[in-house]
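All remarks here apply to the structure that follows.
Read-outs: derived from the displayed coordinates by stated rules, not from any lab. Small disclaimer: the values here were computed from a predicted structure and weren't measured. Neighbour counts are summed over all protein chains in view; Cβ atoms, including those assigned to glycine, are modelled from backbone coordinates with ideal geometry.
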Amino acid sequence: MAIHFDKETKTFYLEGKNTTYAFYINSFGYAEHLYYGARVHRDYLIYTKAQGKNSCNATPPGLDKGPGFSHMNTELTFFGTSDYREATVHPRFTSGDRLTTLYYAGYDILDTKPAINGMPSLDGGKTLVLHLYDDVKNFGADLYYTVYDDADVIARRAVYINNSDDEIKLCRAYSFAMSLPGDNYDMITLHGGWASEREPERVPLHYGVSSIDSKRATSSATLNPFMAIVARDTTENYGDAYGINLVYASSYVLKAEVTTNGETLVLGGINDFDFEWNLGAGEKFETPEVIISYSKDGLGGMSRELHDALRNHIINKKYVNMPRPVLINNWEGTYFNFDTKKLCDIADAVAGTGIDTLVLDDGWFGKRDDDRSGLGDWVVNEKKLLGGLDAVIEHVHSRGMKFGLWFEPEMISEDSDIFRAHPEYAIGVPDRNRCYSRHQFMMDLTNPEVRDYIVDSVSKILDNHKIDYVKWDYNRNVTEFYSLALPPEKQSEFAHRYALGLYDICERIVNGHKNVFFEGCSGGGARFDSSMLYYFPQIWTSDNSDAEERTRIQYGTSLAYPLSAMSCHVSAVPNHQVKRTTDFATRGDIAHLGATGYELDTTVFTDSDREAVKRQIEEYKKMEQLVLTGDLWRIENPFTSNYFSFMLVSKDKSQAHLTCYRSLFHCNPTAHRVICRGLDESKQYYVPELGVILHGSTLMSVGIPIKFKDGDFRTVTLHFEEK
Ligand code: DGJ
């Protein structure tokens, strides 16, 4: 990786593992984009300067000559000149005027990447800080670009600076803008809902703006903060693919605009709907980071680069490659109906099988026998848990297992002691009724007193009991965007302040308990984003634990996130969400494509069930390192075929694992052959299940016949070991 500035042409070349990002400072003093894509030489790239239609020939301010801004493709778009594309920043000054003109004002190259104040971001890499400045208004924008040599991504963000003596209102403060040549792209996004998270949708971009967003103060299951922009002919393995992954857990927007001159502008960050930030004199506003990956090897290449970036630079280094707890979670086994004996029996039933952690889910605290009460009262319910939490913990530990506990720190029930004592802790607008969602309200994380209460009450449990693992849940979205703790002029800062409050309590609770492993959750996988992965190395992917449904949910999630980030459990049949019955083996094979675990009532296990779990975990352990650190090759797509296949290959290509799944059995089925991917052509691999030794070239060209057992929902797994 390198960042190079050519003084003669004033061109910046930002070089990642295999990519070049280039822009230059033009004769009018603006930073103008030149190129982003596969690595090229440091040639004179200014010859590429955009041509094409112009819908307004206004000149740069003060000069009665020069090109219109719509031809300039500035690194940051701004409003009030002849640039009518989507603006990256939209300030309002005390005079009421809303225009700005940001000129190049210098740069810095940093070997150590500065963290963002109060927000998660990637570490490492080499960073260029490009200073842009409007000296009429003393308003600045610092654009950060970080490149890496272990992942083809560029991390970007903007910091807006008020050097004037007056307040500036930021009506829009996006993180980045990026120009791509041409008007011929498709956009892929991940939409969904509860139990149906992250379904890919591919649509052609049209002239004008295409966008996705969240207005929920969370990244949401509705539309994940991820967007891929790909050439029209890009496939899973071939063609240009740009992946845009916002490191942010609140209301966001990502846009792609095909502009009048035939270029495509991609931009976004904090949602500017219901947003206005008061930037006081001398203050800075830091925006969330975005990870942009490029691959010429299609969607698969794009995903692998994003996976590497998240694994190497976001997820806590202590855990990223660490075997994850193989857990038994009691939720689907008992829901709220458990006591000390039941939990101990659940642990006893799986002790010695390889399951190493019991996670006690919702219902252990306050008055909480259903989902109508108790949230916010983080005090052990000793009537339900005779002997208190310690009786369960000691028993679980005595069986050689670790103990995990569920919290939903951001929530408050109307029927709770904390709400009765402090109704003002709940988000709400005075004189208006609040919306209920799952019968609960939300804590006002913009209020420091509320944050202290949460941190103290959760920490008290973690400090006074031997807890090894926490599942951090979040089951509803904000409705009344208002805080009693904020003055009227700051109410439109609410959604972003909620994110800052969330990061603050995560920082204090997670970092304050370094020996506890934290898993994220949000009514399934409704807050599955890169900012949460900074705190939680894995996230519960979906409340839908049916193997068939999971092939699609895990496939969609893998476009942006690595397998090691996805918690995947084997649950009971008929499945609780879709009532489908699938084989135990199938459920295991699909749950092994992530951080695996079990979620069912183990007290009904027979000895042979226990044996089956044991064998399943032994199989998982063989592939665990590939799940954590391997490259993912998506081979068959369950959205477009009757099959789903994932191949995991170690970085040195000495080991691989293939999981193939067939959804429906058709009588007298056709032969099925899978073409392997990602292996080394010249290496020889032993495939124990087939008893053959074959070259990578053969496996990747001739392929492997897959013989499923008769019946619906079957899997076949194969291992590949270098000989
Ligand atoms: C939603 C989660 O996704 C479930 O796994 C479970 O923890 C429930 N909440 C508990 O209320």
Average Cα contact separation per residue, the stretch 303-364, under 8 Å, 6 or more apart, as relative contact order %: 43 percent
Surrounding charge for R399, neighbours by C-beta under 12 angstrom, Lys/Arg +1, Asp/Glu -1, total -3
The distance between the Cα centres of the stretch 542-592 and the stretch 364-395, in whole Å, is 29 Å
Determine ³J(HN,Hα), in whole Hz, for all residues of the stretch 316-321 in sequence, where each value follows from phi through the Karplus function 6.51 cos²θ - 1.76 cosθ + 1.60 and θ = phi - 60°; x replaces Gly and Pro. 3, 4, 4, 10, 4, 9
Stokes-Einstein D for the stretch 140-298 at 10 °C, 1.306 mPa s, Kirkwood Rh over Cα pairs, in µm²/s? 96 µm²/s
Mind checking which of T264, L306, T287 is farthest towards the positive end of the stretch 256-315's charge dipole, using Cβ charges of +1 (Lys, Arg) and -1 (Asp, Glu) about the Cα centre? L306
Just to be sure I understand: if I project the alpha-carbon convex hull of the stretch 32-121 onto a plane and average over all orientations, what area do I get in nm²? 9.6 nm²
Using θ = phi - 60° and the Karplus curve 6.51 cos²θ - 1.76 cosθ + 1.60, what whole-Hz ³J(HN,Hα) does each residue of the stretch 260-268 get, with Gly and Pro shown as x? 4, 8, x, 10, 10, 9, 10, 7, x
Given the options V692, N637, L484, identify the residue whose Cα lies farthest towards the positive end of the charge dipole of the chain (+1 on Cβ of Lys, Arg; -1 on Cβ of Asp, Glu). V692
Looking only at Cα atoms, what is the convex hull volume of the stretch 557-675 per residue, in Å³? 137 Å³
Pairs of Cα atoms under 8 Å, at least six residues apart: use those to get the relative contact order of the chain, whole percent. 10 percent
Selection from S663, P61, G193 lying farthest towards where the dipole of the chain points positive, charges on Cβ: S663
Would you mind working out the magnitude of the charge dipole of the chain relative to its Cα centre, with +1 at each Lys and Arg C-beta and -1 at each Asp and Glu C-beta, to the nearest 20 Debye? 1180 debye
Counting Lys and Arg as +1 and Asp and Glu as -1, what is the net charge of the other residues whose Cβ lies under 12 Å from the Cβ of R85? -3
Hey, what did the stretch 652-723 get for relative contact order, percent, Cα under 8 Å, at least 6 apart? 48 percent
Run the paramagnetic zone check for R434: 7 angstrom along Cα to Cβ, then residues of the stretch 442-476 with backbone nitrogen under 15 Å. 442-447, 450-451, 454, 475-476
So who's got an amide H within less than 5 Å of the one on R39, skipping anything under 5 residues away but keeping other chains? H placed 1.01 Å off N, in plane. T19, T20
Given charges of +1 on the Cβ of Lys and Arg and -1 on the Cβ of Asp and Glu, with all other atoms neutral, how large is the dipole of the stretch 563-634 about its Cα centre, in debye to the nearest 20? 180 debye
If amide H atoms are modeled at 1.01 Å from N in the peptide plane, then the residues at a separation of 5 or more from I412, or on another chain, having amide H under 5 Å from its own are F441, M442, M443
Rg in Å to one decimal, and Dmax rounded to a whole Å, for the chain via C-alpha atoms: 26.5, 86
In order through the stretch 2-14: 3J(HN,Hα) via Karplus (6.51 cos²θ - 1.76 cosθ + 1.60), integer Hz, x for Gly, Pro: 7, 10, 10, 10, 8, 5, 5, 9, 6, 9, 9, 10, 9
Cβ-defined net charge surrounding N184, 12 Å radius [Lys, Arg +1; Asp, Glu -1]: -4
As a quick test, which of the pairs K514/K723; K367/K402; K341/K460; K402/K653; K621/K653; K317/K490 have an alpha carbon distance above 30 angstrom in this structure? K514/K723; K402/K653; K317/K490
Collect residues whose amide H, placed 1.01 Å from N in the peptide plane, falls under 5 Å from the amide H of T74; neighbours closer than 5 in sequence don't count. H33
